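One structure is given below, encoded as structure tokens.
The values are calculated or read from the model by the stated rules, or taken from the named source; none is laboratory data. What you see is a predicted model, and the numbers here were worked out from it, not measured in a lab. Here the Cβ positions follow ideal geometry from the backbone for every residue, glycine too, while neighbour counts run over all protein chains shown. Quick note on the areas: whole protein, heavy atoms, side chains included, nothing else; ligands and nucleic acids left out. Shrake-Rupley method; radii C 1.70, N 1.55, O 1.52, S 1.80 Å.
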Amino acid sequence: MSKVRTVFTREEMFEMNVKSLKERGVTIEDIATVTYNQQKKYTKDIQFSTCLESVEKILSFRDVFHYIQLSIAIDVLAEKKLLPQPLQDIVYHDLGLFGVDEVMGLDVAGTYGTIGQTNFGDIDVNKPGIVRKLNEDGKEEGICHTFLDDIVGAIAAAASTRVAQVMNEADAHQVDFEMISLFEEE
Ligand code: MG
């Protein structure tokens, strides 16, 4: 009798995420490129390796694992025309007024706070790199990327925010600072 398994280690979740994304035409380098291009506008001297490392870290989080797996499953079911109507047509044709995919993206981006969500908004509107490709390919017959484009954009946005935090933390260690209390008595 096989044992039911619902929890996985970070390494297992990371590996499954990388595999699932790859099957849908997305590499971690594709996501890190969106991260790099977004964050280089705000942070000097960022390294592509820091972006890659941030994407990898986010791909090992349990919530993100659930979102990625669910998103891809819905897209694939829509491609196979297996969703109940009218959901099948709404998801397959990526109805503009359908916002569940964006809400999922916002939550993933929110892993790194409000700035992560603002970064997601920027990627959602401007559709850089792999996000644009997914969006365009998703319009072709037999392909559905309704959920995947948002999740991928959200991971890039969360990673971009993490890169900024890592860089700021490093900067903070460079400078001495003595806090002066406004309320200190003479
Ligand atoms: Mg979408």
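Within segment 125-138, which residues are among the small types (Gly, Ala, Ser), open to solvent by 40 Å² or more (accessible area, probe 1.4 Å) and not in a helix (DSSP H, G or I)? Explain how you work it out, then say what you get.
To start, the set of residues in segment 125-138 that are among the small types (Gly, Ala, Ser) comprises 129, 138.
In the following step, the residues that additionally are open to solvent by 40 Å² or more (accessible area, probe 1.4 Å) were identified as 129.
Once the filter is applied, which keeps residues that are among the small types (Gly, Ala, Ser), open to solvent by 40 Å² or more (accessible area, probe 1.4 Å) and not in a helix (DSSP H, G or I), segment 125-138 yields nothing.
Restricting the first residue to segment 127-139 and requiring it to be over 18 Å from ASN37 (Cα atoms), which pairs with a second residue that is at pLDDT 95 or above and open to solvent by 40 Å² or more (accessible area, probe 1.4 Å) meet a Cβ separation below 6 Å and a spacing of at least six or different chains?
That search, which allows pairs on different chains as well, returns ASN135/LYS127; ASP137/ILE143.
Could we say that GLU141 is assigned to a helix (DSSP H, G or I) and either in contact with a Ser or Thr (Cβ under 7 Å, 6 or more places away or on another chain) or modelled with pLDDT of 95 or more (or both) here? Walk me through it before giving the result.
On the way: assigned to a helix (DSSP H, G or I): no; either in contact with a Ser or Thr (Cβ under 7 Å, 6 or more places away or on another chain) or modelled with pLDDT of 95 or more (or both): yes.
The answer is no for GLU141.
Can you go through ALA154, ALA172 and tell me which one is small (Gly, Ala, Ser) and either within 14 Å of the ligand (Cβ to nearest atom) or crowded, with 16+ Cβ neighbours inside 10 Å (or both)?
ALA154 is the lone residue from the list that is small (Gly, Ala, Ser) and either within 14 Å of the ligand (Cβ to nearest atom) or crowded, with 16+ Cβ neighbours inside 10 Å (or both).
For segment 107-124: of the residues being at pLDDT 95 or above and open to solvent by 60 Å² or more (accessible area, probe 1.4 Å), which is nearest to ILE68 (Cα to Cα)?
ASP107
Do you know which of the residues in segment 71-97 that are in contact (Cβ under 8 Å) with a residue 40 or more places away in the chain and of a type in the set (Val, Ile, Thr) is nearest to ALA154 (Cα to Cα)?
Applying the filter and picking the extreme gives ILE72.
Can GLY99 be described as under 25 Å from THR35 (Cβ atoms) and either in contact with a Leu (Cβ under 8 Å, 6 or more places away or on another chain) or surrounded by 13 or more Cβ atoms within 10 Å (Cβ to Cβ) (or both)?
In short, no.
Considering segment 4-28 alone, what residues qualify as being buried (at least 18 other Cβ atoms within 10 Å of the Cβ) and either of a type in the set (Gly, Ala, Ser) or touching a Lys or Arg at 6+ places or on another chain (Cβ under 8 Å) (or both)?
MET13, SER20
Name the pairs: first residue in segment 35-58 and under 9 Å from SER160 (Cα atoms) and of a type in the set (Val, Ile, Thr), second residue open to solvent by 20 Å² or more (accessible area, probe 1.4 Å) and in a helix (DSSP H, G or I), Cβ to Cβ under 6 Å, at least 6 apart or on different chains?
VAL55/ILE28
Do we have GLN165 as more than 16 Å from the ligand (Cβ to nearest atom), within 28 Å of THR43 (Cβ to Cβ) and not in a helix (DSSP H, G or I) here?
Judged against the criteria, GLN165 is not a match.
So for segment 98-117 (the condition being free of Cβ contacts under 8 Å to residues at least 60 places away in the same chain, hydroxyl-bearing (Ser, Thr, Tyr) and within 15 Å of the ligand (Cβ to nearest atom)), does at least one residue qualify?
For segment 98-117, residues free of Cβ contacts under 8 Å to residues at least 60 places away in the same chain, hydroxyl-bearing (Ser, Thr, Tyr) and within 15 Å of the ligand (Cβ to nearest atom): absent.
Kindly indicate the residue of segment 125-142 that is away from the ligand (no atom under 13 Å from the Cβ) and not charged (D, E, K, R) and also nearest to ILE74 (Cα to Cα) among those meeting that condition.
So the residue we want is GLY142.
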